[in-house]
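Enquirer: Below is one structure. I have some questions about it.
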Amino acid sequence: MKCGIVVFPGSNCDHDCDYILKNVLNQETHWLWHKEEPNLESFDLVVLPGGFSYGDYLRAGAIASFSPVMSSVIRFANSGGKVLGICNGFQVLLESGLLPGTLIQNESRKFICKNVSVRIENTSTPYTLNCEKKRVLKIPIAHHHGSYYTDPVSLKNLEDKGQILFRYCDISGNVSADSNPNGSVGSVAGVTNEQKNVMGMMPHPERCADPQLTGTDGQLIFKSLIANC
């Protein structure tokens with residue numbers, strides 16, 4: 001699988017994604033600089049990593065959505081290419097209009113950094129093919145503006161079309177207000193576009209994909225993509 005990893009000013013999880021894809025999962029990786037408009041036709045996957053692109057000025061992900069590289073990413077996505085946005089990358093995809101909804105400040109008004117449980121809601125996507133439906137994954141989060149929001153009608157539409165990929169839950173898979181770390185509507189932790197080729201999630205799968213660290217649940221997402229390719 002040929003993977004491109006976008007580097008914005010302020011990205012701080014780009015090397016994490018590169019390490020997991022290249023050194024742990026043995027995939028081909030390339031850096032995609034924010035000031036360039038690369039031809040992505042030969043790529044299988046583009047990753048928008050976590051961090052604080054452009055210092056999160058104006059609004060998290062807003063300025064990054066207008067960077068030259070995003071013109072290429074949008075064309076790639078619209079032609080069916082797979083795009084994965086993690087944390088800040090999720091924010092960029094929302095600001096770019098590639099995914100529905102928005103992300104607002106955590107309900108607690110505090111930065112949250114901890115391990116959480118998320119439940120897999122749809123296994124019929126390139127990102128979850130190797131997963132069991134309703135399986136619970138332990139994945140870390142680290143964000144301040146991570147509360148997913150959309151209106152009730154749009155939320156039902158996402159549900160009906162299978163676009164909600166992950167929900168926050170407890171270790172037994174139960175979804176409740178107590179298991180929702182940031183106040184996301186519907187406990188949403190990750191969504192796709194209608195075509196299922198673009199996915200954004202607030203939890204960090206690249207931070208739980210190295211066997212030398214605690215937990216490898218994040219590998220399931222990357223291995224699903226590899227199997228799909």
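Any read-out appearing in this document is the output of simple, stated calculations on the displayed coordinates, not a laboratory observation. Being a predicted model, the structure only gives us computed values, none of them experimental. Here Cβ is always computed from backbone atoms with ideal geometry, including for glycine, and neighbour counts include all displayed protein chains.
Enquirer: Add -39500 (n - 2.57) for each DSSP H run of 4 or more in the chain, then divide by its residues: what number comes out at 222 nm, to the nearest 500 deg cm²/dmol?
Expert: So the helix-based figure for the chain works out to -5500 deg cm²/dmol.
Enquirer: Would you list which lysines come within 27 Å of Lys223, measuring only between C-alpha atoms, while excluding same-chain residues fewer than 8 positions from it?
Expert: Within the straight-line limit of under 27 Å, Lys223 reaches these lysines: Lys2, Lys22, Lys82, Lys114, Lys133, Lys134, Lys138, Lys161, Lys196.
Enquirer: Next up: GNM on the chain, C-alpha springs below 10 Å: top fluctuator among Val153, Val198, Val83?
Expert: Fluctuation is largest for Val153.
Enquirer: Starting from the exponent 0.38 and prefactor 2.2 Å, build the expected Rg for the stretch 139-191 from its residue count and divide its actual Cα Rg by it. Could you put the intermediate results ahead of the total?
Expert: Details: Rg = 11.0 Å, N = 53, 2.2 N^0.38 = 9.9 Å.
Output field value: 1.10.
Enquirer: Oh, and also: Going by C-beta contacts inside 10 Å, put Asp56, Asp151 in order with the fewest on the left.
Expert: Numbers: Asp56 18, Asp151 10.
Neighbour counts put them in this order, fewest first: Asp151, Asp56.
Enquirer: Could I ask something else about it? Can you work out the Karplus-derived ³J(HN,Hα) for every residue in the stretch 32-44? Use 6.51 cos²θ - 1.76 cosθ + 1.60 with θ = phi - 60°, whole Hz, and x for glycine or proline.
Expert: So the Karplus estimates, Gly and Pro as x, are 10, 7, 4, 8, 10, 10, x, 7, 9, 4, 8, 8, 9 Hz.
Enquirer: Longest exposed-loop-site-free stretch of the chain, with trypsin sites (Lys or Arg not before Pro), DSSP loop and at most 10 other Cβ within 10 Å?
Expert: Numbers: sites that count: Lys35, Arg109, Lys110.
Longest gap between qualifying sites, sites excluded: 111-229.
Enquirer: Over all directions, how big on average is the projection of the convex hull of the alpha-carbon atoms in the stretch 1-80, in square nanometres? All intermediate terms of the calculation are to be shown ahead of the outcome.
Expert: Details: hull surface 19.5 nm².
Projected over every direction and averaged, the Cα hull of the stretch 1-80 covers 4.9 nm².
Enquirer: What residues from the stretch 81-95 fall in the zone where the backbone N is under 18 Å from a label point 7 Å along the Cα-to-C-beta line of Asn39?
Expert: Label zone hits: 81.
Enquirer: At 0.36 nm per residue, minus the direct Cα-Cα distance, what do Lys138 and Thr102 gain on full extension? Give it in nm, one decimal, please.
Expert: On the way: separation 36, 0.36 × 36 = 12.96 nm, distance 2.37 nm.
Here the answer is 10.6 nm.
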